[in-house]
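The structure appears right after this line, and notes come after that.
Bear in mind that the values in this text are calculations on the coordinates, not laboratory data. Bear in mind that the values here come from a model prediction, so they are computed numbers and not experimental data. Counting neighbours? That spans all protein chains shown, and the Cβs are built from the backbone with ideal geometry, glycine included.
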Amino acid sequence: MKYEITITKTTEPKAKPTDESKLGFGKIFTDHMFIMDYNTEEGWHDARIVPFGPMPIHPASTVLHYGAEIFEGMKAYRTQNGDIALFRPTENIRRLNNSAERLCLPQLDEEGCLDILKTVVELEKDWVPHEDGTSLYIRPYMFGNDPHLGVHAVHNATFVVICSPVGAYYAEGIKPVKIAIESEDVRAVRGGTGYAKCGGNYAASLRAGKKAEEKGYTQVLWLDGVDRKYIEEVGSMNVMFKIAGKIITPALTGSVLPGITRKSCVELLRAWGYEVEERLFSIDELMEAAENGTLEEAWGTGTAAVVSPIGHLAYKDKTYTVSNDEIGALTQKLYDELTGIQWGKVEDTHGWCEVVCRG
Ligand code: COI
């Protein structure tokens with residue numbers, strides 16, 4: 001079922017970035033945005049693309065008080081032959097609906113949501129950057145929007161899609177990042193919202209992230225919220241370790257985000273013949289591997305982060321260098337294969353890319 005979308009084009013198109021090597025992440029926005037409203041009587045209605053700009057919001061709106069917000073991160077790529085393509089968009093839509101279910105926000109029709117994403121991207125196609133390593137980041141998000149202060153499942157919601165031409169998420173680019181393993185704050189617990197992509201998970205991560213940055217680390221690696229024993233994720237990415245030839249990545253226990261890049265990397269690694277263990281993986285095991293030299297590579301995976309090598313790990317008063325602080329061979333191979341598929345340089349044998357418009 002497709003939503004009926006009205007389009008109001010901007011009369012003041014912005015200048016596009018001229019130097020695509022300086023895009024950074026999420027600082028520049030395109031000319032238009034998508035908005036759609038929901039209430040329990042009418043369902044989703046008034047689907048519209050309008051000029052990008054501020055949205056009025058009721059001062060009592062649920063999202064401002066109780067944080068009822070979920071989002072997705074996905075990218076549109078300009079492929080080698082000039083087509084614009086999305087990467088596994090239906091996976092994002094399904095995850096968005098799973099997040100919505102957790103926060104009692106309304107479901108979106110899968111086909112309708114894909115049509116929204118394609119319509120927005122096609123309209124903004126000239127904003128999809130051209131340089132290697134760049135893409136159009138798409139941020140669909142939904143929030144509870146009841147105009148009163150009672151705490152209950154919402155009756156009104158708003159769904160928005162904004163787009164931003166981006167380069168690398170980390171200032172380091174594809175160079176290894178320094179990660180601090182957090183032993184005090186926790187991001188999520190099983191039974192909570194860890195598996196949902198909701199703003200609250202990220203709000204809970206800010207204090208530890210700030211502390212880590214002040215000590216010169218790029219981000220925090222979270223341990224589980226109960227025993228602070230098992231490795232979970234970095235927050236902006238899932239993590240994987242190559243230990244004595246095997247790949248280990250934390251299992252999706254409910255407090256870890258089910259990353260689409262994570263899933264794609266696991267599928268690629270298995271297809272290449274690697275043994276991939278998705279399981280509870282303790283900090284002690286990781287420390288032991290770092291100390292006895294069997295930790296060969298570590299990397300993060302995420303839409304924004306793509307495949308990001310980890311060069312340093314710090315836990316309590318110990319620090320370890322991974323792969324001589326260089327990108328490991330397997331990390332590089334994964335990065336090349338994944339981005340190769342996304343940018344149309346490597347044959348998409350998995351059927352992961354969905355063309356939005358032909359070049
Ligand atoms: C993504 O990888 O798209 C994310 O949402 C991570 C982060 C930028 C919040």
For V186, distant residues with modelled amide H under 5 Å away: none
Going by amide H atoms built from the backbone, whose H comes under 5 Å of the H on I7, apart from near neighbours? I49
Total charge dipole magnitude, segment 5-166, about the Cα centre, Cβ charges on Lys, Arg, Asp, Glu only, Debye to nearest 20: 420
Please build a GNM for the chain, connecting alpha carbons under 10 Å apart, and tell me which residue among G209, G302, G273 fluctuates the most. G273
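Counting each DSSP H run of 4 or more residues in the chain as -39500 (n - 2.57), what helix-only mean residue ellipticity at 222 nm follows after dividing by all residues, to the nearest 500 deg cm²/dmol?
Numbers: 8 runs with 83 residues, N = 359.
Calculated from helices alone, the mean residue ellipticity at 222 nm is -7000 deg cm²/dmol.
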Long-range HN-HN contacts of E297 with modeled amide H, under 5 Å: K242
Considering Cα pairs under 8 angstrom that are at least six residues apart, work out the relative contact order of the chain and quote it in whole percent. 19
Taking each pair of distinct Cα atoms in segment 156-218 once, what is the resulting Kirkwood hydrodynamic radius in Å? 14.5
Starting at the first residue of segment 271-279, write each ³J(HN,Hα) from the Karplus equation 6.51 cos²θ - 1.76 cosθ + 1.60 with θ = phi - 60°, in whole Hz, x for Gly and Pro. 5, 7, x, 7, 7, 10, 9, 9, 7
Of the listed pairs K210/K316; K175/K246; K16/K345; K14/K118; K229/K318; K197/K229, those with alpha carbons more than 19 Å apart are K175/K246; K16/K345; K14/K118; K197/K229
State, as an integer percentage, the relative contact order of segment 132-186 based on alpha-carbon contacts under 8 Å between residues 6 or more apart. 37
Integer Hz, Karplus 6.51/-1.76/1.60 couplings in order for segment 121-129, x for Gly and Pro: 5, 5, 5, 9, 4, 6, 8, 6, x
In percent, how large is the relative contact order of segment 200-359, given Cα pairs closer than 8 Å and 6 or more residues apart? 17
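If you place +1 on the Cβ of every Lys and Arg, -1 on the Cβ of every Asp and Glu, and leave all else neutral, what size is the dipole of the chain about its Cα centre, to the nearest 20 Debye?
Rounded to the nearest 20 debye, it is 400 debye.
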Phi-derived 3J(HN,Hα) across segment 145-160 with the Karplus relation (6.51, -1.76, 1.60, θ = phi - 60°), rounded Hz, x for Gly and Pro, is 9, 6, x, 7, 9, x, 9, 6, 4, 6, 9, 10, 8, 9, 10, 10
